[in-house]
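Any read-out appearing in this document is the output of simple, stated calculations on the displayed coordinates, not a laboratory observation. Only a predicted model underlies this, so the values are computations on that prediction, with no experimental measurement involved. Here the Cβ positions follow ideal geometry from the backbone for every residue, glycine too, while neighbour counts run over all protein chains shown.
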Amino acid sequence: MQDEPTPIELTKAVADFLRNDIAPLISGHQAFKLRVAINILDLVTRQLTREEGSDANEVERLRALLGEDGSVMELNRALAERIAKGEIDLATPGLAEHLWATTMDKLAVDQPNYASYKRELERGG
Amino acid sequence: MIEAELSRSVARWCSGASGVTGAAKLSGGASQETWRFDIVHPDGPIGAILRRSPKGYGAAPTRAAGLAAEAQLMQLAYEGGVPSPRVMHVLVPEDDLGTGFIMQRVEGETIARKILRDDEYATARPLLARQIGGILAALHRLPRNRLPELRSRGATQEIAEFERDYRSLNWPKPVFELALRWLRDHDPGPAAETTLVHGDFRNGNLIIGADGVRAVLDWELAHLGDPMEDLGWVCVNSWRFGEIDKPVGGFGTRQELFAGYEAAGRKVDPARVKFWEVMGTLRWGIMCGGMMQRFREGPDHSMERAMIGRRASETEIDLLRLLVPRGS
């Protein structure tokens, strides 16, 4: 087991330093690049915070949907193949709910300010 | 210095021109660049734009029409009443500038978010969806026999091509699989009429002024195909820039777009438009994946490119909103 602070805490400390201490000193194209860099660190922080829980839920739904076990990647590969073959489609109970839940979990990490995501959150998560 | 070559070039084809000033690169990848400059002329400066592939970068990517075709299309569009910059000169070897063309500079705004938010465009915004319908009708009516050689692409071929692109990414995306199934199940087949298709007609590729659309840009994905493709692409949510209840580029409704198109004497097939909107959403999603791949494998190891890979999920939620709306 590694020691503290955790990767989440360390990444957040760097992002906050860049945002609060460095960003005000920089302008032009470099300021734009710095904003992208801060956005990346924020994304990494969100992923480190949420991934374990969302992956566990995703695996649980995939097991129920597919009737098999595996890693989150293996199960996603299996689902993708079965949709491609037409063995699973929107008539399959649970598929729509699974895809919605998984996609909402992705947006929560990737682009929590995306307008479609915010609209769907308002509709009940 | 590019100004020296440009000065020698304009002296040959622009009568009275004595040189150029203010050359500045606006955008540029490895193979294609855009420059702005002013031609020094006794009647006053003439604003101009250079689009070129620098020397040694002749070959166009497979989907691109090529700069020579782009120049020809813009000139044809200008003559056909589509808002378009006038092409002033197609580069020749003596110019020593590579391949490409020089066009008149049209003043206005291309940054989508500014067009959607700034007061300057407040009176234009409510008119744009309908105006875009009229412009697309004029574009689809450009005479086939005067077009440059272009690739021809129908729905069925596009589905197969995107499927191949997606599979080459080797990253399972059940939502993309679902979209590919939906597209195959709803493939409308060959269009009743094959026309010129712009291929990238959207908010961001239009020069807008307080008076509306001033120019249609970025013809590099032009091809022959189903005219409804352009109507679907302009509605893809990624080009609404947050104004998600206004499908046409964040400006207005599909009804306004269709009314403008039909008022100009052409017919809309709404089912085909929906098909192409789904296709376009998937297309942008796969392109995001492609950017990620180039970030990982290629020379462009930039943070921006990396982050575009994380925008594929935006198209996944938009595909779900199109194909499996909640509460339905």
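A compact table of results
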quantity	calculated
HN-Hα J in Hz across the stretch B:284-293 - Karplus 6.51, -1.76, 1.60, θ = phi - 60°, x for Gly and Pro	5, x, 5, 4, 4, x, x, 5, 4, 5
Given 15 as the ceiling on other Cβ atoms within 10 Å, longest exposed-site-free region of chain B for GluC sites (Glu not before Pro) in DSSP loops	B:194-328
Over chain B: helical MRE at 222 nm, DSSP H runs n ≥ 4 each giving -39500 (n - 2.57), nearest 500	-13000 deg cm²/dmol
Relative contact order (%) - the stretch B:181-328, alpha-carbon pairs under 8 angstrom, separation at least six	19
For the stretch B:186-285: Kirkwood Rh in Å [reciprocal of mean 1/r, alpha carbons]	13.9
Contact order relative to length of the stretch A:7-122, as percent, for alpha carbon pairs under 8 angstrom and 6 or more apart	22
Computed log₁₀ I(q)/I(0) - Debye formula, equal Cα scatterers, no solvent, the stretch B:9-165, q 0.13, 0.16, 0.19 Å⁻¹	-0.82, -1.17, -1.37
Fully extended contour minus Cα-Cα distance, from B:SER302 to B:ARG164, at 0.36 nm per residue	47.1 nm
Charged-residue dipole, Cβ positions (Lys, Arg, Asp, Glu), chain B about Cα centre, Debye nearest 20	500
Cα-based helix-to-principal-axis angle, B:67-79 vs chain B, degrees rounded to 10	90
Fully extended contour minus Cα-Cα distance, from B:GLU94 to B:ARG8, at 0.36 nm per residue	30.0 nm
Karplus-derived HN-Hα couplings along the stretch A:38-49 (A = 6.51, B = -1.76, C = 1.60, θ = phi - 60°), whole Hz, x at Gly and Pro	5, 4, 5, 4, 5, 4, 4, 4, 4, 5, 4, 6
With Cα atoms, 0 to 90° folded angle of helix B:312-323 axis to chain B main axis	50
Rg over Rh, two decimals, chain A (C-alpha only, Kirkwood Rh)	1.09
The stretch B:162-169 - phi-based ³J(HN,Hα) in whole Hz, Karplus 6.51/-1.76/1.60, Gly and Pro as x	5, 4, 5, 4, 4, 5, 5, 6
Percent of beta bridges antiparallel (DSSP, the protein assembly as shown, rounded to nearest 5)	95
Spherically averaged projected area in nm², based on the convex hull that wraps the Cα atoms of chain B	18.0
For chain A, calculated [θ]222 nm from helices alone, where every DSSP H run of n ≥ 4 adds -39500 (n - 2.57)	-23500 deg cm²/dmol
Amide proton proximity set for A:ILE88, modelled H, under 5 Å, gap of 5+	A:ILE83
Average silhouette area of the stretch B:21-104, convex hull of alpha-carbon atoms, in square nanometres	6.4
Efficiency of FRET from Cβ geometry, A:LEU90 and A:GLN2, R₀ 60 Å, rounded to 0.05	0.85
Averaged over B:169-181, number of beta-carbon atoms from partner chains that fall within 10 Å	6
Computed magnitude of the charge dipole of the protein assembly as shown (debye, nearest 20; Cβ of K, R +1, Cβ of D, E -1)	920
Linear extension gain, A:HIS29 paired with A:GLU74, 0.36 nm per residue minus alpha-carbon span	12.1 nm
Debye equation applied to the C-alpha atoms of the stretch B:255-316, log10 I(q)/I(0) at 0.15, 0.17, 0.26 Å⁻¹	-0.60, -0.65, -0.97
Between the stretch A:26-60 and the stretch B:66-86, the Cα center-to-center distance that results, in Å	42
FRET efficiency, B:LEU127 to B:LYS267 (Cβ-Cβ, R0 25 Å, nearest 0.05)	0.65
Pairwise label distance in nanometres, B:ALA210 with B:LEU26, each label 7 Å out on the Cα-Cβ vector	2.1
For a label point 7 Å along the Cα-to-beta-carbon line of A:GLU81, residues of the stretch B:172-189 with backbone N under 17 Å	B:172-175, B:177-178
Euclidean distance between Cα centres, the stretch A:69-125 to the stretch A:1-15, Å	30
Degrees separating the helix A:72-85 axis from the principal Cα axis of chain A, which is the longest one	50
Directionally averaged projected area (convex hull, Cα atoms, the protein assembly as shown), nm²	25.4
Most mobile listed residue (A:ASP110, A:ASP42, A:ASP16) in chain A, GNM with C-alpha springs under 10 Å	A:ASP16
Mean Cα-pair separation over length for chain B, i.e. relative contact order, pairs under 8 Å, 6 or more apart, %	16
